[in-house]
């Protein structure tokens, strides 16, 4: 049982974030004492993203595990997309990574996971770089669509520079 009189609590808005490596391990760092520990995420049911942790210094905190393979940046970009040979439609790019994007579409909800399309948009960088990528639809949740960029386009160094954290 946890002795709450001696325990330090970290508030909900202070959730620690850690990235899960390809081998299924992640490093958890206590926000109080800064002690680090490598843990395996293989035993978490269904890739649980947030867990409660109790450090040996009696600090209890939450850790969010990020399973993403590439860094994702929140954006508010506008572009156009097409599915197959269909007409171009407007879209908002809500977040972006080298591997894909989350799109928000208004008034068009005929997306099915596995569909292929292409997207054109301009970055809000100094050069206003034009980006065109082919994608496949991975997830659909209302008017939000998760897209994975296809490997048939070469590495885009401008997009990589834009996405630096």
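The values are calculated or read from the model by the stated rules, or taken from the named source; none is laboratory data. Just so it is clear, the structure is predicted and the values come from calculations on it, not from any experiment. Methodologically, a virtual Cβ is constructed for each residue, glycine included, from the backbone with ideal geometry; neighbour enumeration extends over all protein chains shown.
How many residues are under 21 Å from residue 164 (Cα atoms) and either modelled with pLDDT of 90 or more or in contact with a strand residue (DSSP E or B) (Cβ under 8 Å, 6 or more places away or on another chain) (or both) when one looks only at region 128-152?
Residues that pass the stated criteria total 11.
Is it the case that residue 52 is part of a strand (DSSP E or B), loosely packed, with under 12 Cβ neighbours inside 10 Å and over 15 Å from the mean Cα position of the chain (by Cα)? Walk me through how you get there before you give the answer.
On the way: part of a strand (DSSP E or B): yes; loosely packed, with under 12 Cβ neighbours inside 10 Å: yes; over 15 Å from the mean Cα position of the chain (by Cα): yes.
So residue 52 fits the description; yes.
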So, in region 78-99, how many residues would count as being in a strand (DSSP E or B) and more than 30 Å from residue 21 (Cβ to Cβ)?
10
For region 120-149, name all the residues that are part of a strand (DSSP E or B) and under 17 Å from residue 74 (Cα atoms).
121, 122, 131, 144, 145, 146, 147, 148, 149
Residues of region 100-110 satisfying the condition of being within 20 Å of the chain's Cα centre (by Cα) and in a loop (DSSP other than H, G, I, E, B):
105
Got a sec? Which of 117, 86 is touching a strand residue (DSSP E or B) at 6+ places or on another chain (Cβ under 9 Å) and modelled with pLDDT under 90?
86
